[in-house]
Amino acid sequence: MRDVADFRAVRGWLAGRPDISDTAIGAWGISYTGGLILNALTAGVPLAAADVQVAWSDLYSAFWPQGIAKVPMVAGLMMESPVFAPFAADAVRSRNLNALRPLLAERSSLPELGQVRTPVYLFQGRVDWLFDIAQATAAFARLAGPKKLYVGNFGHIPSPQSNVSPDAEYVLTQSVAWLDHFLRGVPNGIEAPAVQLAAAGGTAAAASWAGLPPTKMLTFGASTRVTTPFETWGGGTVTVRVPGLRAYPQLVAVVTAGTTVVTHGAIKPHRGLDVIRLASYCLFVPRGARLRVTLGPNTNPKGASFVDLAYIPFPGQPTGSISLGPATLKLSVLKQPVTRKG
């Protein structure tokens, strides 16, 4: 890839400078640049440390989970990249994706991260509709060197909010400490704990673990009043029986707590028992909230009291018809909530 070649060239230029140690060159990147850093590491570009923020490790699962396009995100990718532009018409309609997969695989680091021993600090947002927590946890699980993960209140936000994260100062402090330790040899203890999580709206880590946090699975019907508060982590599934359908290109599930979107997912449905995998977000659901599963052709159904544009159909796409049986919701949640709101 040209961007990795450019990254390698910049690193080489820095290494050639007499005022820079060629064994103490690191990298910091956010979103696209963060994904580029991971790709550069798997391509063998020598770095002494890296900070990677709200990035991807696998582009296909980020933009086409279960083979269904997140249309606004996919359209943005296609418009911004001349490499992907020729595939735009099919990509936004979730068609002929096998033609795209080699290009996506070339730009996805996940399969090769097990060979990377560079110290990497991963930062991911609690709720990021572009790159969910699974993009970071999958990378964290595979990295072979020193590694750390912080999940906080930042990222590609799902709705208009302030662009300033409440934990921005903490994130910057963590980033600098990581680079100081591995580039300058500062003994600041930044390596532990390996995983940190901020509470909703929090300004720093509220909980920490030696590895990925322990979770449990909760099961609900399609509409349930929550009696015990919980905090999601790890996605989940919506299972529904489909007795019949005709020309129905996508079946979308949106899980809400009141007017807040908890998670969502989509599949191309078939007759029989369908399982829709849900995105991994960290969202606190308080006691007393009405947890509801909405099924339909998109994530922003007419008359809904919530806004979710992740799986809106491409304009002009036929919706067809479908019949649905009862739905069962399973959510992966933290064994102990980190956020305390009641």
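Things to note:
- Here the stretch 1-45 is the region considered, the condition is being modelled with pLDDT of 95 or more and aromatic (Phe, Trp, Tyr), and the residue that is surrounded by the fewest Cβ atoms within 10 Å (Cβ to Cβ) is Trp13.
- Applying the condition of being closer than 18 Å to Lys70 by Cα and assigned to a strand (DSSP E or B) to the stretch 257-274 and asking which residue is modelled with the lowest pLDDT yields Val261.
- Selection count where residues are in a loop (DSSP other than H, G, I, E, B) and of a type outside the set (Gly, Ala, Ser), scope the stretch 275-286: 4
- Qualifying position, being under 19 Å from the mean Cα position of the chain (by Cα) and within 21 Å of Glu191 (Cα to Cα), among Ala75, Ala134, Ala139: Ala139
- Subset of the stretch 287-314 [modelled with pLDDT of 95 or more, surrounded by fewer than 17 Cβ atoms within 10 Å (Cβ to Cβ) and assigned to a loop (DSSP other than H, G, I, E, B)]: Arg287, Gly288
- Only one of the numbered conditions (1) of a type outside the set (Ser, Thr, Tyr); (2) within 29 Å of Gly152 (Cβ to Cβ); (3) touching a Leu at 6+ places or on another chain (Cβ under 9 Å) is not met by Ile20, and that is (2).
- Filtered residues of the stretch 170-215 (kept if at pLDDT 95 or above and on the phi > 0 side of the Ramachandran plot): Gly185, Gly189
- Any hit, the stretch 300-319, residues being of a type in the set (S, T, N, Q) and touching a strand residue (DSSP E or B) at 6+ places or on another chain (Cβ under 7 Å): no
- The listed residue being outside the structural domain of Val127 (by TED's automatic domain parsing), in contact with a Pro (Cβ under 6 Å, 6 or more places away or on another chain) and farther than 23 Å from Gly202 by Cβ, out of Val238, Val252, Val275, Val242: Val242
- Looking across the stretch 265-282, the residues that are small (Gly, Ala, Ser) and either crowded, with 20+ Cβ neighbours inside 10 Å or without any contact (Cβ under 8 Å) to a residue 24 or more places away in the chain (or both) come down to Gly265, Ala266, Ala279, Ser280.
The values are calculated or read from the model by the stated rules, or taken from the named source; none is laboratory data. This is a predicted model, so every value here is computed, not measured. Cβ sites come from the backbone with ideal geometry, for glycine too, and all protein chains shown count toward neighbours.
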